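A.B. asks: Here's a structure for you.
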Amino acid sequence: MTARAVALRTGIASVPEPETTPERLLARSALGDEQACVNREDRAERLDLRRPYDDVTEATLDHLDHAQVRAALAVLTELSTVKTRMRDGLIRLRDARGVHR
């Protein structure tokens, strides 16, 4: 005879419910699933190494890049052939942008 059956038979009402009832197991499982989900989301958020995107900053940097290109194009000299002009222009554009090999 189980402890619960003995308690009911003798009139003792303070016997706790067993922890292995299907309802309790399901409730415990649901709580564990919820906690696991929260833990996964927290971990993913902490490991996210992407920088936040700022429209104003990106627009400003794009504007500065365009201004540098325009300034570099303005100082290009007249050269004899298209090939030479393109090569010289790309070299000067690279130098004006501050790109080093």
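A.B. asks: Once the piece of chain linking V99 and V56 is laid out straight, how much longer is it, given 0.36 nm per residue of separation minus the C-alpha distance between them?
C.D. replies: Going from the current span to full extension adds 13.0 nm.
A.B. asks: Continuing with the same structure: Simple spin-label model, 7 Å along Cα-to-Cβ: R28 to K83 in nm?
C.D. replies: 8.1
Values in this text are rule-based calculations from the coordinates and carry no lab data. Owing to the predicted nature of the structure, the values given are computational and were not obtained by experimental measurement. Cβ sites come from the backbone with ideal geometry, for glycine too, and all protein chains shown count toward neighbours.
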